[in-house]
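Enquirer: The structure is given below, and queries will be raised subsequently.
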Amino acid sequence: MDALKRQAAARALEHVQDGMKLGLGTGSTAKHFVDLLGEKVAKGMRVICVPTSEATRAQAQACGVPLTTLDEIDHLDLTVDGADECDGALNLIKGGGGALLREKIVAAASDRMIVIADDSKWVDVLGRFPLPVEVIPFGLAATQRAIMSAFAQSGVSGQMEVRKAKDGHVFVTDGGHWIVDAHLGKIPDAPRLAGLLSVIPGVVEHGLFIGLARTAVLAGAQGIRVVERR
């Protein structure tokens, strides 16, 4: 599986041109992209990049990749990131690693987003992977009730749980927030649910990435498959 992820990352790297401003994703597949980009930079490629997490920042710095922020530049040419799920419209579920807020900010600031993944992440309907919802700890029960109402309005239901870190304590994002993971099974109308979640006070961001990805590069046993959003 790791070899497949690296193949997808290598194919995405073909879209990177000298002088580009890039968004660097977070997660196991995006990690390969940063490694491969670092090799290109070492050979003379000029890029400037915005990382989507502190983990990616540390990795990029170790690889010698030049970094900047969205305070210093006004837009990005390209973001390359992974996904926990991707459907035929290239709508995504992201946030399994907890970086969904920064990932969405960076993707939205980019002219183009390429998703890289192994083909197990390709689904007919989003929802098999638990949907992460980043929340403010204050008033959590009220926020969860509003989230449940949004689920009902969009025709889904399921259990929610506050994400725990490996040490058993509540997982805290880079922004200082918590994440509620919703086990929904299927999300038949992801754009509708995304809109309902976005207006809830207490919800900082959610893991539904709607209309952001332009291209998906999927690596499987039969090779690389590239899907473009219509």
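The values are calculated or read from the model by the stated rules, or taken from the named source; none is laboratory data. Fair warning: this is a prediction, and the values are worked out from it, not measured in the lab. Note that we place each Cβ from the backbone using ideal geometry, even for glycine, and neighbour counts take in every protein chain shown.
Enquirer: Assess whether Ile179 counts as being closer than 25 Å to Phe33 by Cβ and surrounded by fewer than 17 Cβ atoms within 10 Å (Cβ to Cβ).
Expert: So Ile179 does not fit the description; no.
Enquirer: With the condition kept exactly as written, say whether any residue in region 66-73 is in contact (Cβ under 8 Å) with a residue 60 or more places away in the chain and surrounded by 12 or more Cβ atoms within 10 Å (Cβ to Cβ).
Expert: No, region 66-73 has no match at all.
Enquirer: Every residue in region 56-74 that is part of a loop (DSSP other than H, G, I, E, B) and modelled with pLDDT of 95 or more, please.
Expert: Those that are part of a loop (DSSP other than H, G, I, E, B) and modelled with pLDDT of 95 or more: Cys63, Gly64, Val65, Pro66, Thr68, Thr69, Leu70, Asp71, Glu72, Ile73.
Enquirer: From Gly98, Gly127, Gly88, Gly82, grab the single residue that is exposed (fewer than 14 other Cβ atoms within 10 Å of the Cβ) and within 21 Å of Gly211 (Cα to Cα).
Expert: Just a single option satisfies the conditions, and that option is Gly88.
Enquirer: Looking at Val217, Val170, which is the one that is touching a Lys or Arg at 6+ places or on another chain (Cβ under 7 Å) and loosely packed, with under 15 Cβ neighbours inside 10 Å?
Expert: That would be Val170, the only listed residue that is touching a Lys or Arg at 6+ places or on another chain (Cβ under 7 Å) and loosely packed, with under 15 Cβ neighbours inside 10 Å.
Enquirer: Counting only residues that are of a type outside the set (Lys, Arg) and not in a loop (DSSP other than H, G, I, E, B), which one in region 151-166 is surrounded by the most Cβ atoms within 10 Å (Cβ to Cβ)?
Expert: Phe151
Enquirer: Pick from Ala150, Ala182: which is in contact (Cβ under 8 Å) with a residue 12 or more places away in the chain and under 17 Å from the mean Cα position of the chain (by Cα)?
Expert: Answer to the check: Ala182.
Enquirer: Hey, can you tell me all the residues within region 89-115 that are part of a loop (DSSP other than H, G, I, E, B) and in contact (Cβ under 8 Å) with a residue 60 or more places away in the chain?
Expert: Hits for region 89-115 are Ala89, Leu90, Asn91, Lys94, Gly95, Gly96, Gly97, Gly98, Ala99, Ala109, Arg112.
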